[in-house]
Amino acid sequence: MIPQLISFYKRCIQRIREIDQKHMIFLQGHRFAKRADIFQRDMDPFNNWVLTMHIYEDLPDMDIIGPILEERERLDVPVWIGETGGSKHWTVVMYDLLRRYHMGYNVFTYKAVDRKNACTLATYKLPEGFSKILNYVFKGEAKPTFKESKDIFNRYLKNVKFASCTLQEQEANAILRKNNVSIPAIGYDIVNGPGKDYSGIYPYCSFSGYRRECHMQMILEQPAYEQNEFKQIALTPVPKYGDYNNLMLVMHEDEFVSYTLREKENKGTIYAKMKGEHCILDVQLGEVHHTIHVDELSELKKITLTSFNELNNTKLIVRVCEGSVIIKTIIIE
(Lines give C-alpha, C1' and ligand atoms only; values in the text may rest on other atoms or scores of the structure.)
Protein backbone atom coordinates (compact mmCIF):
# COMPACT_ATOMS: atom_id res chain seq x y z
CA MET A 1 0.00 0.00 0.00
CA ILE A 2 3.00 2.36 0.25
CA PRO A 3 2.91 3.44 -3.46
CA GLN A 4 -0.79 4.24 -3.03
CA LEU A 5 -0.02 6.23 0.12
CA ILE A 6 2.64 8.31 -1.64
CA SER A 7 0.33 8.90 -4.60
CA PHE A 8 -2.42 10.03 -2.23
CA TYR A 9 -0.05 12.46 -0.49
CA LYS A 10 1.07 13.93 -3.81
CA ARG A 11 -2.50 14.49 -5.01
CA CYS A 12 -3.53 16.07 -1.71
CA ILE A 13 -0.56 18.41 -1.60
CA GLN A 14 -1.09 19.49 -5.21
CA ARG A 15 -4.77 20.30 -4.55
CA ILE A 16 -3.95 22.13 -1.32
CA ARG A 17 -1.19 24.25 -2.84
CA GLU A 18 -3.46 25.38 -5.66
CA ILE A 19 -5.40 27.45 -3.12
CA ASP A 20 -3.10 27.67 -0.07
CA GLN A 21 0.66 28.26 -0.16
CA LYS A 22 0.89 29.43 3.45
CA HIS A 23 0.01 26.65 5.86
CA MET A 24 2.36 23.83 6.80
CA ILE A 25 1.41 20.28 5.84
CA PHE A 26 2.03 17.40 8.27
CA LEU A 27 2.86 14.01 6.75
CA GLN A 28 3.23 10.67 8.51
CA GLY A 29 5.31 7.74 7.42
CA HIS A 30 4.23 4.09 7.43
CA ARG A 31 4.31 1.31 10.05
CA PHE A 32 2.09 3.22 12.50
CA ALA A 33 3.93 6.48 11.69
CA LYS A 34 7.23 4.99 12.90
CA ARG A 35 9.06 4.96 9.54
CA ALA A 36 9.95 7.93 7.35
CA ASP A 37 12.09 6.38 4.62
CA ILE A 38 9.15 6.25 2.21
CA PHE A 39 9.70 9.94 1.47
CA GLN A 40 12.36 9.83 -1.23
CA ARG A 41 12.31 13.56 -1.91
CA ASP A 42 10.82 16.88 -0.82
CA MET A 43 7.05 16.30 -0.87
CA ASP A 44 6.03 19.96 -1.07
CA PRO A 45 7.08 22.38 -3.87
CA PHE A 46 7.10 25.12 -1.21
CA ASN A 47 9.18 23.00 1.21
CA ASN A 48 6.67 23.88 3.91
CA TRP A 49 5.88 20.52 5.43
CA VAL A 50 6.58 18.63 8.64
CA LEU A 51 7.61 15.03 9.15
CA THR A 52 5.44 13.69 11.95
CA MET A 53 6.24 10.44 13.76
CA HIS A 54 5.00 8.25 16.61
CA ILE A 55 7.29 6.74 19.25
CA TYR A 56 6.04 3.90 21.43
CA GLU A 57 7.67 0.91 23.10
CA ASP A 58 11.14 1.77 21.81
CA LEU A 59 14.18 2.20 24.03
CA PRO A 60 15.03 5.90 24.52
CA ASP A 61 18.32 5.94 22.66
CA MET A 62 19.82 6.54 19.21
CA ASP A 63 18.32 3.34 17.81
CA ILE A 64 15.00 5.19 17.43
CA ILE A 65 16.24 8.80 17.31
CA GLY A 66 19.04 8.27 14.76
CA PRO A 67 16.91 7.21 11.75
CA ILE A 68 14.53 10.12 12.37
CA LEU A 69 17.42 12.60 12.49
CA GLU A 70 18.82 11.16 9.28
CA GLU A 71 15.53 11.65 7.44
CA ARG A 72 15.11 15.14 8.90
CA GLU A 73 18.48 16.26 7.55
CA ARG A 74 18.03 14.53 4.19
CA LEU A 75 14.60 16.06 3.59
CA ASP A 76 15.41 19.41 5.28
CA VAL A 77 12.15 19.51 7.25
CA PRO A 78 11.28 19.81 10.96
CA VAL A 79 10.03 16.83 12.98
CA TRP A 80 6.94 16.65 15.17
CA ILE A 81 6.45 13.59 17.38
CA GLY A 82 2.66 13.63 17.26
CA GLU A 83 2.16 10.70 19.64
CA THR A 84 4.39 9.31 22.34
CA GLY A 85 4.14 8.26 25.96
CA GLY A 86 5.17 5.67 28.50
CA SER A 87 6.12 5.17 32.13
CA LYS A 88 7.70 8.04 34.08
CA HIS A 89 10.93 6.01 34.09
CA TRP A 90 10.79 6.13 30.27
CA THR A 91 9.41 9.63 29.61
CA VAL A 92 12.00 11.36 31.81
CA VAL A 93 14.66 10.12 29.36
CA MET A 94 12.82 10.01 26.01
CA TYR A 95 11.21 13.45 26.20
CA ASP A 96 14.49 15.06 27.25
CA LEU A 97 16.24 13.35 24.34
CA LEU A 98 13.64 14.73 21.92
CA ARG A 99 14.06 18.19 23.39
CA ARG A 100 17.86 18.03 23.07
CA TYR A 101 17.51 17.15 19.38
CA HIS A 102 14.96 19.93 18.79
CA MET A 103 12.03 17.66 18.00
CA GLY A 104 8.57 18.91 18.87
CA TYR A 105 6.43 16.42 20.76
CA ASN A 106 2.94 15.83 22.05
CA VAL A 107 1.87 13.83 25.09
CA PHE A 108 -0.49 11.02 24.18
CA THR A 109 -2.93 11.32 25.53
CA TYR A 110 -3.59 14.71 27.14
CA LYS A 111 -6.68 13.41 28.97
CA ALA A 112 -7.38 9.80 29.88
CA VAL A 113 -9.54 7.69 32.16
CA ASP A 114 -8.02 7.51 35.62
CA ARG A 115 -5.97 4.32 35.68
CA LYS A 116 -2.60 3.02 36.79
CA ASN A 117 0.50 3.89 34.71
CA ALA A 118 -1.36 6.07 32.20
CA CYS A 119 0.91 8.61 30.48
CA THR A 120 -1.39 11.58 30.62
CA LEU A 121 -1.45 15.09 32.07
CA ALA A 122 -5.08 15.05 33.16
CA THR A 123 -7.34 12.19 34.23
CA TYR A 124 -11.07 11.84 34.73
CA LYS A 125 -13.30 9.23 36.30
CA LEU A 126 -15.89 7.23 34.39
CA PRO A 127 -19.44 8.14 35.43
CA GLU A 128 -21.69 5.90 37.46
CA GLY A 129 -23.42 3.40 35.21
CA PHE A 130 -20.81 3.48 32.43
CA SER A 131 -20.18 -0.23 32.94
CA LYS A 132 -23.67 -0.83 31.51
CA ILE A 133 -22.54 0.70 28.22
CA LEU A 134 -19.35 -1.39 28.18
CA ASN A 135 -21.11 -4.61 29.15
CA TYR A 136 -23.68 -4.12 26.38
CA VAL A 137 -21.06 -3.35 23.72
CA PHE A 138 -18.44 -5.94 24.62
CA LYS A 139 -20.37 -8.68 26.43
CA GLY A 140 -23.80 -8.52 24.83
CA GLU A 141 -25.55 -7.88 28.14
CA ALA A 142 -28.80 -5.95 28.55
CA LYS A 143 -29.09 -2.83 26.40
CA PRO A 144 -29.55 0.40 28.40
CA THR A 145 -32.60 2.44 27.49
CA PHE A 146 -32.23 5.60 25.44
CA LYS A 147 -32.88 7.80 28.49
CA GLU A 148 -30.47 5.80 30.63
CA SER A 149 -27.74 5.98 27.96
CA LYS A 150 -28.26 9.71 27.49
CA ASP A 151 -27.93 10.34 31.24
CA ILE A 152 -24.74 8.25 31.40
CA PHE A 153 -23.11 10.08 28.47
CA ASN A 154 -24.15 13.47 29.85
CA ARG A 155 -22.37 12.59 33.09
CA TYR A 156 -19.39 11.43 31.01
CA LEU A 157 -19.21 14.82 29.24
CA LYS A 158 -19.30 16.57 32.61
CA ASN A 159 -16.49 14.40 33.98
CA VAL A 160 -14.23 14.93 30.96
CA LYS A 161 -14.32 18.74 31.27
CA PHE A 162 -10.95 20.16 32.25
CA ALA A 163 -12.42 21.64 35.44
CA SER A 164 -13.45 18.14 36.54
CA CYS A 165 -10.09 16.50 35.77
CA THR A 166 -7.24 15.69 38.13
CA LEU A 167 -3.91 17.14 37.01
CA GLN A 168 -1.08 14.61 37.08
CA GLU A 169 1.84 16.75 38.24
CA GLN A 170 4.23 13.81 38.57
CA GLU A 171 3.74 12.96 34.90
CA ALA A 172 4.41 16.58 33.92
CA ASN A 173 7.48 16.68 36.17
CA ALA A 174 8.92 13.59 34.50
CA ILE A 175 8.28 14.94 31.00
CA LEU A 176 9.83 18.34 31.80
CA ARG A 177 12.43 17.15 34.36
CA LYS A 178 10.92 19.73 36.66
CA ASN A 179 10.76 19.92 40.47
CA ASN A 180 10.88 16.52 42.18
CA VAL A 181 11.82 13.87 39.65
CA SER A 182 13.77 10.62 39.41
CA ILE A 183 16.08 9.84 36.47
CA PRO A 184 17.22 6.27 35.80
CA ALA A 185 21.00 6.15 36.04
CA ILE A 186 21.15 4.54 32.58
CA GLY A 187 19.40 7.66 31.17
CA TYR A 188 22.55 9.81 31.20
CA ASP A 189 23.11 12.54 28.60
CA ILE A 190 24.37 11.32 25.21
CA VAL A 191 23.86 14.18 22.72
CA ASN A 192 27.39 15.62 22.95
CA GLY A 193 28.99 12.19 22.67
CA PRO A 194 31.75 10.30 24.51
CA GLY A 195 34.26 12.34 26.50
CA LYS A 196 31.71 15.15 26.92
CA ASP A 197 28.47 13.62 28.23
CA TYR A 198 29.87 10.26 29.31
CA SER A 199 33.00 8.17 29.16
CA GLY A 200 32.72 4.38 29.09
CA ILE A 201 35.58 1.89 29.14
CA TYR A 202 33.55 -1.32 29.28
CA PRO A 203 35.06 -3.43 26.45
CA TYR A 204 31.77 -5.06 25.48
CA CYS A 205 28.33 -3.82 24.50
CA SER A 206 25.26 -3.86 26.74
CA PHE A 207 23.56 -7.26 26.61
CA SER A 208 20.18 -5.52 26.72
CA GLY A 209 20.77 -3.67 23.45
CA TYR A 210 20.32 -0.33 25.20
CA ARG A 211 22.95 2.30 24.30
CA ARG A 212 25.35 -0.41 23.25
CA GLU A 213 27.53 2.12 21.43
CA CYS A 214 28.41 3.89 24.71
CA HIS A 215 30.53 1.11 26.28
CA MET A 216 28.90 1.67 29.66
CA GLN A 217 28.25 -1.50 31.64
CA MET A 218 24.66 -2.26 32.64
CA ILE A 219 23.31 -5.09 34.77
CA LEU A 220 19.87 -6.28 35.85
CA GLU A 221 18.63 -5.25 39.28
CA GLN A 222 16.80 -8.57 39.57
CA PRO A 223 17.79 -11.82 37.85
CA ALA A 224 15.70 -12.53 34.79
CA TYR A 225 14.69 -15.94 36.13
CA GLU A 226 15.11 -17.84 39.35
CA GLN A 227 16.82 -21.21 39.30
CA ASN A 228 13.68 -23.31 38.89
CA GLU A 229 11.86 -21.06 36.42
CA PHE A 230 13.66 -21.90 33.17
CA LYS A 231 10.81 -24.16 32.10
CA GLN A 232 8.55 -21.10 32.11
CA ILE A 233 10.70 -18.96 29.80
CA ALA A 234 8.63 -19.70 26.70
CA LEU A 235 5.43 -18.76 28.56
CA THR A 236 6.69 -15.56 30.20
CA PRO A 237 5.75 -12.38 28.27
CA VAL A 238 8.52 -9.92 27.44
CA PRO A 239 8.13 -6.68 29.46
CA LYS A 240 6.94 -3.64 27.49
CA TYR A 241 10.41 -2.05 27.30
CA GLY A 242 12.42 -5.25 27.55
CA ASP A 243 14.99 -5.04 30.33
CA TYR A 244 15.00 -1.21 30.38
CA ASN A 245 13.11 -0.74 33.65
CA ASN A 246 15.29 -3.32 35.38
CA LEU A 247 18.74 -2.02 34.39
CA MET A 248 21.36 -0.44 36.65
CA LEU A 249 24.53 1.40 35.63
CA VAL A 250 27.92 -0.01 36.65
CA MET A 251 30.75 2.55 36.73
CA HIS A 252 34.44 1.87 37.13
CA GLU A 253 37.47 4.05 37.81
CA ASP A 254 37.88 6.97 35.37
CA GLU A 255 34.35 6.60 33.99
CA PHE A 256 31.81 9.41 34.25
CA VAL A 257 28.25 10.24 33.22
CA SER A 258 26.29 13.50 33.18
CA TYR A 259 22.64 14.44 33.63
CA THR A 260 20.94 17.69 32.68
CA LEU A 261 18.69 18.82 35.55
CA ARG A 262 16.12 21.10 33.98
CA GLU A 263 14.21 23.17 36.51
CA LYS A 264 13.64 23.55 40.23
CA GLU A 265 13.13 27.01 41.64
CA ASN A 266 13.61 26.27 45.34
CA LYS A 267 16.29 24.59 47.41
CA GLY A 268 16.69 20.85 47.28
CA THR A 269 18.93 17.80 47.49
CA ILE A 270 20.21 15.36 44.88
CA TYR A 271 20.45 11.70 45.88
CA ALA A 272 21.56 8.53 44.15
CA LYS A 273 20.21 5.07 44.83
CA MET A 274 23.42 3.05 44.71
CA LYS A 275 25.61 0.35 46.17
CA GLY A 276 29.34 -0.41 46.24
CA GLU A 277 32.01 -2.01 48.41
CA HIS A 278 34.61 0.75 48.13
CA CYS A 279 34.31 3.73 45.84
CA ILE A 280 35.27 7.40 45.73
CA LEU A 281 33.11 9.66 43.56
CA ASP A 282 33.63 13.20 42.34
CA VAL A 283 30.20 14.81 42.05
CA GLN A 284 30.10 18.08 40.14
CA LEU A 285 27.02 20.31 40.04
CA GLY A 286 27.65 23.33 37.87
CA GLU A 287 31.13 24.47 38.92
CA VAL A 288 31.05 23.00 42.43
CA HIS A 289 32.73 19.66 43.22
CA HIS A 290 31.98 17.26 46.08
CA THR A 291 33.80 14.08 47.10
CA ILE A 292 31.57 11.15 48.04
CA HIS A 293 32.84 7.96 49.73
CA VAL A 294 30.81 4.78 49.24
CA ASP A 295 31.82 1.90 51.51
CA GLU A 296 30.37 -1.51 52.30
CA LEU A 297 26.99 -0.98 50.67
CA SER A 298 25.95 -4.46 49.56
CA GLU A 299 22.32 -3.35 49.04
CA LEU A 300 20.93 -0.35 47.18
CA LYS A 301 20.72 2.69 49.45
CA LYS A 302 19.73 6.33 48.96
CA ILE A 303 22.95 8.37 49.26
CA THR A 304 23.18 12.17 49.32
CA LEU A 305 25.26 13.56 46.46
CA THR A 306 24.86 17.33 46.87
CA SER A 307 22.42 20.13 47.66
CA PHE A 308 21.41 23.14 45.56
CA ASN A 309 19.56 26.45 45.72
CA GLU A 310 17.94 26.11 42.30
CA LEU A 311 18.29 24.18 39.06
CA ASN A 312 18.09 25.67 35.59
CA ASN A 313 19.47 23.34 32.92
CA THR A 314 22.23 22.55 35.41
CA LYS A 315 24.72 19.79 34.61
CA LEU A 316 25.33 17.03 37.15
CA ILE A 317 28.49 14.99 36.51
CA VAL A 318 29.25 11.81 38.46
CA ARG A 319 32.84 10.55 38.05
CA VAL A 320 34.43 7.48 39.63
CA CYS A 321 37.86 8.31 41.05
CA GLU A 322 38.50 4.98 42.73
CA GLY A 323 36.82 1.57 42.85
CA SER A 324 33.45 0.88 41.22
CA VAL A 325 29.81 1.63 41.97
CA ILE A 326 26.36 0.48 40.86
CA ILE A 327 23.72 3.21 40.48
CA LYS A 328 20.00 2.64 39.95
CA THR A 329 18.47 6.14 40.09
CA ILE A 330 19.30 9.84 40.40
CA ILE A 331 16.69 11.50 42.62
CA ILE A 332 15.95 15.24 42.91
CA GLU A 333 13.91 16.33 45.93
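The values are calculated or read from the model by the stated rules, or taken from the named source; none is laboratory data. Bear in mind the structure is a predicted one, so any value in this text is a computation, not a measurement. We place every Cβ from the backbone using ideal geometry, glycine too, and count neighbours over all the protein chains shown. For the accessible areas, the whole protein counts, side chains as well, though only heavy atoms, and no ligand, DNA or RNA atoms are used. Shrake-Rupley method; radii C 1.70, N 1.55, O 1.52, S 1.80 Å.
Applying 1/(1 + (r/R0)^6) with R0 = 45 Å to the Cβ-Cβ distance of Leu297 and Lys125, what FRET efficiency is obtained, to the nearest 0.05?
0.55
Determine which aspartates and glutamates satisfy two conditions relative to Lys158: a Cα distance under 14 Å, and not lying fewer than 8 residues away in the same chain.
Answer for Lys158, where 14 Å is the Cα cut-off: Glu128, listed by chain and number.
Suppose every K and R has +1 on its Cβ and every D and E has -1 on its Cβ; what is the size of the dipole of the chain about the Cα centre, in Debye to the nearest 20?
1920
Per-residue accessible area for His293 at 1.4 Å probe radius, Å² rounded to 10?
Ignoring ligands and nucleic acids, His293 comes out at about 120 Å².
What FRET efficiency, computed as 1/(1 + (r/R0)^6) with R0 = 25 Å and r the Cβ-Cβ distance, is obtained for Glu333 and Val191, rounded to the nearest 0.05?
It comes to 0.45.
With all protein chains present and a 1.4 Å probe, how do Tyr110, Tyr204 order by accessible area, largest first?
Correct descending sequence by accessible area is Tyr204, Tyr110.
Past the 17 angstrom mark, what percentage of all C-alpha to C-alpha distances in region 132-232 do you count?
Tail of the P(r) past 17 Å holds 75 percent of the pairs.
At 222 nm, what helix-only mean residue ellipticity would the chain give, in deg cm²/dmol to the nearest 500, using -39500 (n - 2.57) for each DSSP H run of four or more?
So the helix-based figure for the chain works out to -7500 deg cm²/dmol.
Rounded to the nearest whole Å³, what is the per residue volume of the convex hull around the Cα atoms of region 28-103?
So the per-residue hull volume is 79 Å³.
Return the distance in nm (one decimal) between the two label points of a simple spin-label model at Glu265 and Asn312, each offset 7 Å from Cα along Cα→Cβ.
1.2
May I ask you to give the solvent-accessible area per residue for the chain, in square angstrom, as obtained with a 1.4 angstrom probe? List each step's numbers first, then the result.
On the way: 18850 Å² over 333 residues.
About 57 Å² of surface per residue is accessible.
Taking only Cα atoms and a 10 Å spring cutoff, compute GNM fluctuations for the chain and point out the largest among Asp44, Asp96, Asp63.
Top of the fluctuation ranking is Asp44.
I want to check the label-to-label distance for Tyr202 and Asn245. Put each point 7 Å from Cα in the C-beta direction and report it in nm to one decimal.
2.1
Over 31 Å between Cα atoms: which of Lys34/Lys143; Lys34/Lys267; Lys116/Lys301; Lys22/Lys315; Lys150/Lys178 fall into that group? Could the numbers behind the result be given before it?
Values: Lys34/Lys143 40 Å; Lys34/Lys267 41 Å; Lys116/Lys301 27 Å; Lys22/Lys315 40 Å; Lys150/Lys178 41 Å.
Checking Cα-Cα distances, Lys34/Lys143; Lys34/Lys267; Lys22/Lys315; Lys150/Lys178 exceed 31 Å.
Work out the P(r) tail for the chain: percent of alpha carbon pairs separated by more than 26 Å, whole number.
Counting every Cα pair in the chain, those more than 26 Å apart make up 61 percent.
Once you keep just the Cα pairs under 8 angstrom separated by 6 or more residues, what percentage relative contact order results for the chain?
Numbers: 619 pairs, mean separation 43.3, N = 333.
Here the relative contact order equals 13 percent.
Which of the aspartates and glutamates could a cross-linker bridge to Lys125, judged by Cα under 15 Å and excluding same-chain residues fewer than eight apart?
Asp114
Looking at region 132-210, which trypsin sites (Lys or Arg not before Pro) are in a loop (DSSP not H, G, I, E or B) and have at most 15 other Cβ atoms within 10 Å?
In loop regions of region 132-210 (DSSP not H, G, I, E or B), the sparsely surrounded trypsin sites (Lys or Arg not before Pro) are Lys161, Lys196.
At a 1.4 Å probe radius, carbon and sulfur cover how many percent of the accessible area of the chain?
After summing per-atom areas, the C and S share lands at 52 percent.
For the full complex of protein chains and a 1.4 angstrom probe, list Phe39, Phe46 by accessible area with the highest value first. Walk me through the numbers on the way to the answer.
On the way: Phe39 0, Phe46 105 Å².
Ranking Phe39, Phe46 by accessible area, largest first, yields Phe46, Phe39.
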